[in-house]
Amino acid sequence: MTPRLFVEDDLAAGAALGLDGPRAHYLRDVLRLGVGAAVLLFNGRDGEWRATVTASAKRSMDLGAESQTRPQAGEPNLWLCFAPVKKARIDSIAEKATELGVSALVPVITRRTNVERVNVERLRANAVEAAEQTERLSVPEVREPVSLERLLTAWPAGRRLLIADETGGGKPILDALAGARPGPWAVLIGPEGGFAREELDRIAALPGVLPVGLGPRILRADTAAIAALACLQAAIGDWREPTPRRWPDYAGAVERGNLMRGRGEQG
Ligand code: SAH
C-alpha cells in the first residue's frame, strides 16, 4: 500500500518538498523507502498527489509531487464537542472521530470534567495519523479546550447540536434524527461523571438542540462519541453516499489512476 502523508506545503505538479525529523525517519527507517519510491500526499487544500522520493539523506528526505490522484473534496461540516477523558480514551476519541469524518474536535470543560490538562498537540497528531490512514483529504481542526458556558454563549447560529443525554431527556437517536436535515451539525458528549442538571437545562435552552438517547446502557464517553457520530453519519451524513469502488490491489489502483473520483461518483 502506498504510504499517505499529510503535509503543510502547497501541492502542485513539480512541487518539491523537504521532510525532516520524525516524518523523514518514518519514511526512510520504518517504511524503508528509497529514491524513486512512491508516496501519496495531501494538505487539506489541493487534493491528493502522487509524489516520489527524489533524495534521501541522514536527517531529511526530498519529495517531488507529480500528478494529482484525487481532487480536493470537503468533509461534512461536523463538530465533535466532548468532555476530555483520560489519555488512552481521548486518543481513541480523536482517532475514531477523524475516521468518522468530523471537521473539528472541540474539548469542552464541564462541571464534572475531572481531567485538567488536554494535550492539544497530541490530539492533533492522532487526528493527522487517522486522516492519513483513512484516505481523508483533510485533517480535522483541533480546538483549544473551552468551558461549556463559553461554547454555548458563542454558539454559531444555524449549527444544530445533538446532545447525548444519558438522563433519558431525549428520544432514541434514530427517532430523534428522523426528518432532521443535513447541514452544519455538532455532537456533544458529557464527561465520565455525566452532565449536571443545570448544564442540561442550559443546553436545552439553545435553539436547534436535539437531545438523544443511545440505548438502555450507560456508555463510556468515548464509546458514546463514536456511536453518536456513526448514527448521525448513517442517518443524515455522508454515509448515505455510496462507498467508492476500490480495486483489491489498492496500491496498483493508484498507479492506474483509478482513484480519480469525485464525491458520490463511482471510481
Ligand atoms: N456518570 C454518568 C454517565 C456518563 S457517560 C452516569 O452514570 O449517569 C458519559 C457521556 O456519554 C454522557 O454524559 C452522555 O453524553 C454519553 N452517554 C453515555 N451513555 C449514554 C446513553 N445511554 N444515552 C445517551 N448518552 C449517553
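Any read-out appearing in this document is the output of simple, stated calculations on the displayed coordinates, not a laboratory observation. Small disclaimer: the values here were computed from a predicted structure and weren't measured. Quick reminder, even Gly has a Cβ in these numbers, built from the backbone with ideal geometry, and neighbours come from all protein chains shown.
Values computed for the structure shown
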| quantity | calculated |
| --- | --- |
| Odd one out for A13, checked against (1) surrounded by 16 or more Cβ atoms within 10 Å (Cβ to Cβ); (2) in a loop (DSSP other than H, G, I, E, B); (3) in contact with a Ser or Thr (Cβ under 7 Å, 6 or more places away or on another chain) | (1) |
| Candidate set from the range 188-199 (those that are more than 9 Å from the ligand (Cβ to nearest atom) and surrounded by 14 or more Cβ atoms within 10 Å (Cβ to Cβ)); member that is nearest to P156 (Cα to Cα) | E199 |
| R23 vs. criteria out of contact with any Lys or Arg (no Cβ under 6 Å at 6 or more places or on another chain), assigned to a helix (DSSP H, G or I) and closer than 27 Å to V102 by Cβ | yes |
